[in-house]
Structures are given as C-alpha cells and as structure tokens.
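> The structure under discussion is supplied below as structure tokens; questions concerning it will follow.
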Amino acid sequence: MEGNPRDRDDTGRARNARPRDGLGRPLPYGAPGVERQPEGVPRTAGEALTEAQRLLDDGKPFHAHEVLEDAWKSAPEEERELWRGLAQLAVGLTHLARGNRKGARSLLERGARNIEPYRASPPHGVDVAGLVAWAETGTPAPPRLTGEA
C-alpha cells in the first residue's frame, strides 16, 4: 500500500481495511470478503437485538458482536454490562466457529457472568436465563437473544 502505512477510516481512526470472511478473519487485500458492519450506527435496543440475531442466524457471529458492541458503547450505565456480556457471547460463538474451544469457553463464561445479574429483571426481553444456559453448553448453534422467535 502506498501513502499512509496504516489503514484509516473517514475520521482518521485506525481501521484495518483488509476484507474479512464471515467469521471476521482478515483476508488478503483484494480478496472478496463479507461486507463489514458499519461502526457507530445508532440503534434502539430492539433494533440492535434484531440485527444481532439476524447476523447470528446467518452464521456471522463476529458481525453480530460489532452490533452488540455499538449497543454496549451507547447503552445507559445501568445496562452496559448486559450489552458487554452479549457482545462477549457473540465473540465466544465466533471462537467456537473458528475451532478455538479454549478461547470460546473463556469468552462464553465471561459473557454469562456479565449478563447473569440481569436474570431477575432482564431489559428489552433479553433471555438471560436461556443465554446463560446456552453458554454453559458451548454449543455452536446460535442462541436466541430474546424470548421472541
């Protein structure tokens, strides 16, 4: 690459412009990749959950993580750990799909710990009990984020 040795986005932030596969792994420059999720998209909690679920169902947990991470960054303080935990669960699923069972287990456990305090009164219909149970099994099937089908 010529010019700036680091890839930058339109705002000047460092951002790797290499294409990515469906699990977020970098591909060589010029290779066809999966379209990345735009960062910093303002969404309601319901929109974030719907979009993340769509991506999980499409086999793109890395991309779901990016949606959940945006929600985490913009969430009110009292919900931040919920969104952080959901993002960690998506990364855990990403590691499972990549065959990294040890990394997956670590992230699934951390994500479950972060959402557990919301079990008694889960915001936005998040199925905290179901997600914690799913994380304990470590199954590669995508979980349901809410009780809605």
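> Give Ala112, Ala141, Ala75, Ala87 a once-over and let me know the one that is under 22 Å from Arg20 (Cα atoms) and open to solvent by less than 20 Å² (accessible area, probe 1.4 Å).
Residue meeting the stated conditions: Ala87.
> How many of the residues making up the stretch 27-61 are surrounded by fewer than 19 Cβ atoms within 10 Å (Cβ to Cβ), part of a helix (DSSP H, G or I) and either acidic (Asp, Glu) or modelled with pLDDT under 95 (or both)?
Final tally of qualifying residues: 2.
The values are calculated or read from the model by the stated rules, or taken from the named source; none is laboratory data. Keep in mind that this is a model prediction, so the values were computed, not measured. Don't worry about glycine lacking a Cβ; one is built from the backbone with ideal geometry, like all the others, and counts go over all protein chains shown. Keep in mind that these areas ignore ligands, DNA and RNA; they rest on the heavy atoms of the full protein, side chains included. Shrake-Rupley method; radii C 1.70, N 1.55, O 1.52, S 1.80 Å.
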